[in-house]
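A.B. asks: The structure is given below, and queries will be raised subsequently.
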Amino acid sequence: MTENLVEISDDAIEATGKTKQYVTFLVGDRVYAVDIVMVREIKQWSATTGLPNQPSYTRGVLNLRGTIVPVHDLRARFGGPLTEPGETHVVVIVNIGEQTVGVLVDAVSDIVTVAAGEIRPVPATASELDSSAISGLVNTNDHMVALINLPALFAVPAEATA
Amino acid sequence: MDDDEDYQALFFAECVELLGDLQEQLDKLAAGDSDPETVNAAFRAVHSVKGGAAAFGFEGLIGFAHIFETVMDKVRNGARETDGELSALLIRAGDVLMALVEQARDGGEADAAMVERVTAELHQVAEGGSPPEAAEITARAENSDDLEGTNEPTGERGVTVTLTPHLGFLRVGHEPLRLVRAAKALGLVGVEALGEVPLPQAIDLGNSPLSWKLQFESAASIAEFYSFFEIYEAFADVKIEAEAMLEAEEDEPQPSAEPRPDPSDANDQTAPVAPISAQASFGSDTARAKIAKTLRVELSRIDRLVNLVGEVVITQAVLAQRLSEIDANGHLELDHAVESMSRQTRELQESVMAIRAQPVKSVFSRMPRVVRDLADKLGKEARLIVSGEQTEVDTTVIEELAEPLTHMLRNSMDHGLEETSADREAAGKRPVGTLRLSAEHRGERVLITVEDDGRGIDRERVLQKAVDNGLVEDPEAIAPEEIDNLIFHPGFSTAESVSAVSGRGVGMDVVKKKIQMLGGRCTLRNTPGQGTRFVITLPLTLAVLDGMIVSVGDERFILPLSSVVEAIRIDPETLAILPNGSRVMRLRGDYLPLISLREALQLDGNARPEEMAMVVDDEAQGPVAIIVDELIGQRQVVLKSLEANFRRVEGISGATILGDGRVALILDVSSLLEMSTSAPSQGLLEAVG
Amino acid sequence: MKRILAVDDSASMLNMLSDCLRGAGHEVVEASDGREALERLRETQPDMVITDLTMPNMDGLDFIDAARSEEAGRRLPMLLLTTETADHMKQRAREIGATGWLTKPFDPDQVLRLVDQLA
């Protein structure tokens, strides 16, 4: 699990100065990352309670020490099939603004340090979903890591909270 | 800074209480109450608001409170008699004061024209309308700032202060020794007694000294000296002389004599002193005593307690379940202990909830002003009759009530009441419109009614508009009550033109949504020509709920116990399908509409036939059978919000955590029924509400 | 450290005054009207009193008047802290033996200094 997927040279960090830490995780063969400050904890998958009339990627809610937290399937959110979760799957609990949300992924892989200068924009040819949901790309030797924009993916529409 | 905000928050909370009290006293006054304590209490309320306003520097509020207080003072000391006109003015002034408090609290603008008008009228009553003294207060404050500003210390210099006490100097608590000690901080270097007097240290109570000369070597400004000695000036002559004074200080004004009682200034000693009532009326006296025994606690602390108790309730349930699993041998004593604990937990929870219960009065008392304001703006005559203000509801519910109630009263004033008194008279009604606002307990819920005796909802116009807006496909297929309910449709407004009062976006749909968010229901009864009545039912608390646990497949759901009439094992013989495809169940000769929870919530899983029917009674639909797989049992559950981390889900009012730690959804019966009954074609294109 | 009896019917004002005094290390005894203040006075024997003028049950003036005839109130420094500025009120305050008159809003430094001077 701790195989280092992203190796960024010290030189590069020094060159650009500002660095940030990201948590990376796997969905199939894709690598995604979120800013470490948004991540609250990582939980092993446990069965959720389904919610009626929701998009299929919303897998329901779970009890996180007394609060009700929705769990979304990241693979399905990006248009893939529903994940069939088992014991190895994990739910990454993240804070989006005031809300706490769970994101179902295949596995968490690592924590990486990325310099601001290494983040590249999403190509204009990307799909509409990708371009709003991915805030940038970081290239490594053999992988491309997509930095995901959690609010764009899972924030509740303003109307619904009014 | 934080402290300041805390004080301000407390001040505003107090203001709400004070102003509520004020309104009550003014109403009594208007009704002819001549008890001096009524006037006194009203005076005190205004006075306290002014005091707080001055402490926090809310200028507009200070000025207005001052003139208001001046008029109240005249009433209090009998210089002005209260007649109908004055009572009305005082009530308006109370409204303006509230508006200014709100402005100070929330920002925004109070109605400037109204403030001005009422201020002018108050000035008129105050006779001659002397300029508000508040201006003086601030002017003085600025003045003393100036003094300090121009008196930057310029090194040490000699200052001599001569203090000649009057009789009574010692009696009122001055102690020369303390004076001397405190003066050391100002640079006191020597004390000299003038005349035949003992030194301060040896002074005898009966003997009043003639004077002392205090010698200072000080870097302090002259203003600081004045400020230090000011307190003695009421009972002593104080002379301050400084060597090497700056030129600028030569023509420095004497500091204001304001903060001390000065007999020479008392030119209106003949003015009647307010009769401070020592014999307050029995009623108000006991009321006061009751208030004095309350304890102000920050809501967040109680919330923490409520949450904690909620956790205890859940843990207790877990414990009970686990014990029942391992206790196959039936240890009777253990059973008893668990039972007592469950009862005590429940009592604990009720007690905690009772702390948060509050009479709806705190929100109801704001409504007469809303109606008066609207009457003013719309040029309609109306009175509001309020009842059931003492009905207690959880404070979380109360806080949320103000907004929907205001909307509903607006709606009644704007759309409900006839345009003119003449219209009303033509319809055989009294010229002044009547609105009623009432609250009462009904079981585990509170029922709030907003009613007007206006023209009712114009169904023809509503329907026309709904057709125009494409909300209704087939106008023929719609029942009259369904037309009425169209006003709850998002964006719907019956006013031909969007009026300044109701405006856009504050339609009844907002009200309904808000009420539903609170786990409540909102219904209306329209009697064309005679008026409209809105009924809101709300849970007494948003924290706990007695529920029935039912299951469908692997999922468990909670039905609020208050909505369940009975649970029946389904006899397939009693089920039938109507020609339009909907299903019914026969129960004691009646046919009840039947809703499958599995279908309504689109739950998958093998559709084995449901075994239990839960009969619920819905205000809008009457009795309905909701069919589920199994009935598991009755349990008190702690309400958890879905919206906190997600959003409102149709058909669901919230969630709870069961004994095994799993989440179960709490069903919102009326929204569930709406979901499943409005789906088949009834002429409506989309579900209403 | 002095023991000060602070009297005001407004909880926010009372809090503000008490916090100011406690912040300087003084002990504060609180009362919300004159009647209660009179009881506290007898029980606690404060070094000084700071009282509001306009209060229910017993106002500041009547309280000071009554306190002066109590053992604990004789020669006790008692300040009126109020927004009231009417001269006849001040005259009456003087007559009944109030030590001084402070206008609201109060300046915390001034209040603390007065405690040093008087108590």
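A.B. asks: When Cβ neighbours within 10 Å are restricted to other protein chains, what is their mean count per residue of peptide B:653-663?
C.D. replies: Values: counts 0, 1, 6, 2, 7, 2, 0, 1, 5, 7, 12.
Counting other chains' Cβ atoms within 10 Å and averaging over B:653-663 gives 4.
A.B. asks: Within 10 Å of each Cβ in peptide A:95-102, how many partner chain Cβ atoms are there on average? Round it to a whole number, please. Intermediate results must be reported in sequence, preceding the final value.
C.D. replies: Numbers: counts 1, 1, 0, 2, 5, 3, 2, 1.
Neighbouring Cβ atoms belonging to other protein chains average 2 per residue here.
A.B. asks: Here is a follow-up. From the backbone phi of region B:96-103, what are the Karplus-calculated ³J(HN,Hα) couplings (6.51 cos²θ - 1.76 cosθ + 1.60, θ = phi - 60°) in whole Hz, Gly and Pro given as x?
C.D. replies: Taking θ as phi minus 60°, the curve returns 5, 4, 4, 4, 5, 5, 4, 5 Hz for region B:96-103.
A.B. asks: Would you tell me the mean number of C-beta atoms belonging to other protein chains that fall within 10 Å of each C-beta in C:2-11, as a whole number?
C.D. replies: Values: counts 0, 0, 0, 0, 0, 0, 2, 9, 12, 7.
What the average comes to for C:2-11 is 3.
A.B. asks: Then there's this: Send over the Kirkwood Rh of region B:71-113, from the inverse of the averaged 1/r over different Cα pairs, rounded to one decimal Å.
C.D. replies: Details: mean 1/r = 0.0859 Å⁻¹.
In region B:71-113 this quantity evaluates to 11.6 Å.
A.B. asks: Apply the Karplus parameterisation 6.51 cos²θ - 1.76 cosθ + 1.60, with θ equal to phi minus 60°, to every residue of region C:104-119 and state each ³J(HN,Hα) to the nearest whole Hz, in sequence, with x for glycine and proline.
C.D. replies: Using θ = phi - 60°, the values come out as 6, x, 7, 9, x, 4, 5, 4, 5, 5, 5, 5, 4, 6, 9, 9 Hz.
A.B. asks: Can you work out the Karplus-derived ³J(HN,Hα) for every residue in region B:359-375? Use 6.51 cos²θ - 1.76 cosθ + 1.60 with θ = phi - 60°, whole Hz, and x for glycine or proline.
C.D. replies: x, 5, 3, 4, 9, 4, 5, 7, 6, x, 5, 4, 5, 4, 4, 5, 4
A.B. asks: Based on the Cα atoms of chain C, what semi-axes does the equivalent ellipsoid have, where each is the square root of 5 times one gyration tensor eigenvalue, given in whole Å with the largest first? Please list the in-between numbers first.
C.D. replies: Details: eigenvalues 67, 52, 38 Å².
For chain C, the ellipsoid semi-axes come out as 18, 16, 14 Å.
A.B. asks: Ok, one more. Filter A:K20/B:K640; B:K213/C:K2; B:K465/B:K512 down to the pairs with a C-alpha to C-alpha distance above 31 Å, please. Show your work: numbers first, answer last.
C.D. replies: Values: A:K20/B:K640 35 Å; B:K213/C:K2 28 Å; B:K465/B:K512 20 Å.
Violating the 31 Å Cα-Cα cut-off are A:K20/B:K640.
A.B. asks: Find the Rg to Rh ratio for region A:17-115, where Rh is the Kirkwood radius over alpha-carbon pairs and Rg uses the same atoms.
C.D. replies: Values: Rg = 13.6 Å, Rh = 13.9 Å.
Result: Rg/Rh = 0.97.
A.B. asks: Let me ask you something else. Of B:K28/B:K74; B:K361/B:K514; B:K28/C:K104; B:K74/C:K90, which ones are farther than 23 Å apart at the Cα? Could the numbers behind the result be given before it?
C.D. replies: Numbers: B:K28/B:K74 18 Å; B:K361/B:K514 20 Å; B:K28/C:K104 30 Å; B:K74/C:K90 18 Å.
As for pairs spanning more than 23 Å Cα to Cα, those are B:K28/C:K104.
A.B. asks: Enumerate the whole-percent occupancy of each 5 Å bin, from 0 to the last occupied one, for all C-alpha pair distances of region B:309-422.
C.D. replies: The distribution over region B:309-422 is 2, 10, 14, 12, 9, 8, 7, 6, 7, 6, 6, 5, 3, 2, 1, 0, 0, given as percents.
A.B. asks: What FRET efficiency comes out for B:D468 versus B:V16 if R0 is 35 angstrom and r is the Cβ-Cβ distance? Round to the nearest 0.05. List each step's numbers first, then the result.
C.D. replies: On the way: r = 43 Å, r/R0 = 1.24.
For B:D468 and B:V16, the calculated efficiency is 0.20.
A.B. asks: Within region B:1-99, report the GluC sites (Glu not before Pro) that DSSP leaves as loop and that have at most 15 other Cβ atoms within 10 Å.
C.D. replies: Working: sites: B:E5, B:E14, B:E17, B:E24, B:E37, B:E59, B:E69, B:E81, B:E85; in loops: B:E81.
Listed in order of number, the matching sites are B:E81.
A.B. asks: Something else now. Quick one: Debye curve from the C-alpha atoms of region B:1-118, no solvent, what's log10 I(q)/I(0) at q = 0.09, 0.21 Å⁻¹?
C.D. replies: The calculated log intensity ratios at q = 0.09, 0.21 Å⁻¹ are -0.23, -1.14.
A.B. asks: Which net charge results when you count Lys and Arg as +1 and Asp and Glu as -1 among the other residues whose beta-carbon is under 12 Å from that of B:I595? Don't jump to the answer; show the numbers that get you there.
C.D. replies: On the way: positive: B:R583, B:R598; negative: B:E599, B:E610, B:D618, B:E674.
Combined, the nearby Lys, Arg, Asp and Glu give -2.
A.B. asks: For C:R74 paired with B:R647, estimate the spin-label separation in nm (one decimal), with each label point 7 Å from Cα along the Cα-to-Cβ line.
C.D. replies: 7.7 nm
A.B. asks: Give me the distance in nm between label points sitting 7 Å out from Cα along the Cα-to-Cβ direction at B:A422 and B:E481, one decimal.
C.D. replies: Placing both labels 7 Å beyond Cα along the Cβ direction yields 3.9 nm.
A.B. asks: How high is the relative contact order of region B:506-632, in percent, with contacts defined as C-alpha pairs under 8 Å that are six or more residues apart? If you can, show how the numbers build up before the last one.
C.D. replies: Working: 197 pairs, mean separation 26.9, N = 127.
Computed over region B:506-632, the figure is 21 percent.
A.B. asks: Under the 0.36 nm per residue contour assumption, what length would be gained going from the current alpha-carbon distance of B:D237 and B:E59 to full extension? Let's see the in-between values first.
C.D. replies: Working: separation 178, 0.36 × 178 = 64.08 nm, distance 3.49 nm.
Once the chain is fully extended between B:D237 and B:E59, it gains 60.6 nm.
A.B. asks: Here's another thing I want to ask about it. Pull up all non-local amide H partners of B:R366: gap of 5 or more, or a different chain, and H-to-H distance under 5 Å with H placed in the peptide plane.
C.D. replies: For B:R366, whose amide H was placed from the backbone, there are no distant partners under 5 Å.
A.B. asks: Check A:I134: other-chain or 5+ apart residues with amide H under 5 Å from its amide H, H built from backbone geometry?
C.D. replies: The answer is A:N149.
A.B. asks: Which cross-chain or sequence-distant (5 or more) residues have an amide H under 5 Å from the amide H of B:V189, H modelled 1.01 Å from N in plane?
C.D. replies: Counting only residues 5 or more places away or on other chains, the set is B:Q215, B:F216, B:E217.
FYI, it's all coordinate maths here, none of it is from the lab. Everything quoted here is computed from the prediction, not taken from an experiment. Note: ideal-geometry Cβ built from the backbone for every residue, glycine included; neighbour counts use all protein chains shown.
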